[in-house]
Amino acid sequence: MSILMVTGIEGARNCAEVVGTQLGMEVEAASGRREALAALRLREFHAVVIDETLAECDPAAADKICERAGLAIPLQINFAVSGAARLVREIRAALHRREREQALARRAAAVAIETELKTTIAGLLLHSQLALTGSEIPAPVADRLRVVADLAGSLRQQLSAPRAARGTAAV
């Protein structure tokens with residue numbers, strides 16, 4: 001995991017080292033827009049921390065950096081009044097928020113997929129059972145329809161079982 005700090009303050013590289021050590025991550029310092037955009041072209045970051053004074057002096061540059069940040073969490077912090085401890089707290093809080101949001105999104109996606117599967121399987125089971133009730137179905141076709149109905153019934157039971165029993169841990 002890595003973080004990009006964009007600030008023109010003196011000692012930015014030292015601050016980046018301190019923050020990196022405390023967070024256990026690589027922290028790269030960029031002194032301005034050009035360096036930041038070059039770094040963003042080269043690799044992905046988990047967070048991009050932009051100095052508020054830079055953002056206030058050149059809002060277009062800050063916007064461009066945020067646009068190019070991709071999936072990185074954009075943060076604006078006033079480096080002039082914030083020490084390394086505050087930077088660490090802010091970055092750590094933002095990363096934890098992102099982790100929680102991603103976990104919730106994964107859970108929501110899993111529930112949506114499961115619901116869709118259950119609906120499709122119920123339809124498959126219903127239609128195969130309805131087809132089996134017809135009297136003029138040839139024996140080989142009836143056998144295949146029974147297999148389809150059995151498979152759909154089996155899938156329905158597996159999806160109705162609790163997640164832990166199916167072997168997939170809840171996210």
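The values are calculated or read from the model by the stated rules, or taken from the named source; none is laboratory data. On a predicted model such as this, the values are computed, not experimentally measured, just so you know. Quick reminder, even Gly has a Cβ in these numbers, built from the backbone with ideal geometry, and neighbours come from all protein chains shown.
Residue-by-condition table, conditions (1) touching a helix residue (DSSP H, G or I) at 6+ places or on another chain (Cβ under 9 Å); (2) crowded, with 18+ Cβ neighbours inside 10 Å; (3) small (Gly, Ala, Ser):
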{"site": "5", "(1), (2), (3)": "yes, yes, no"}
{"site": "9", "(1), (2), (3)": "yes, no, no"}
{"site": "45", "(1), (2), (3)": "yes, yes, no"}
{"site": "51", "(1), (2), (3)": "yes, yes, no"}
{"site": "55", "(1), (2), (3)": "yes, yes, yes"}
{"site": "79", "(1), (2), (3)": "yes, yes, no"}
{"site": "103", "(1), (2), (3)": "no, no, yes"}
{"site": "112", "(1), (2), (3)": "no, no, yes"}
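Are any of the residues in the range 97-104 basic (Lys, Arg) and in contact with a strand residue (DSSP E or B) (Cβ under 6 Å, 6 or more places away or on another chain)?
yes
Which residue out of 55, 61 is touching a strand residue (DSSP E or B) at 6+ places or on another chain (Cβ under 7 Å) and among the small types (Gly, Ala, Ser)?
That would be 55, the only listed residue that is touching a strand residue (DSSP E or B) at 6+ places or on another chain (Cβ under 7 Å) and among the small types (Gly, Ala, Ser).
Of all residues in the range 46-88, how many are in contact with a Leu (Cβ under 7 Å, 6 or more places away or on another chain) and outside the structural domain of residue 27 (by TED's automatic domain parsing)?
Summing the residues that are in contact with a Leu (Cβ under 7 Å, 6 or more places away or on another chain) and outside the structural domain of residue 27 (by TED's automatic domain parsing) in the range 46-88 gives 1.
Based on what the data block shows, is residue 49 in contact with a strand residue (DSSP E or B) (Cβ under 6 Å, 6 or more places away or on another chain) and at pLDDT 95 or above?
Against the criterion (in contact with a strand residue (DSSP E or B) (Cβ under 6 Å, 6 or more places away or on another chain) and at pLDDT 95 or above), residue 49 qualifies.
Would you mind stating whether residue 135 is of a type in the set (S, T, N, Q), surrounded by 11 or more Cβ atoms within 10 Å (Cβ to Cβ) and either within 30 Å of residue 16 (Cβ to Cβ) or outside the structural domain of residue 10 (by TED's automatic domain parsing) (or both)?
Judged against the criteria, residue 135 is not a match.
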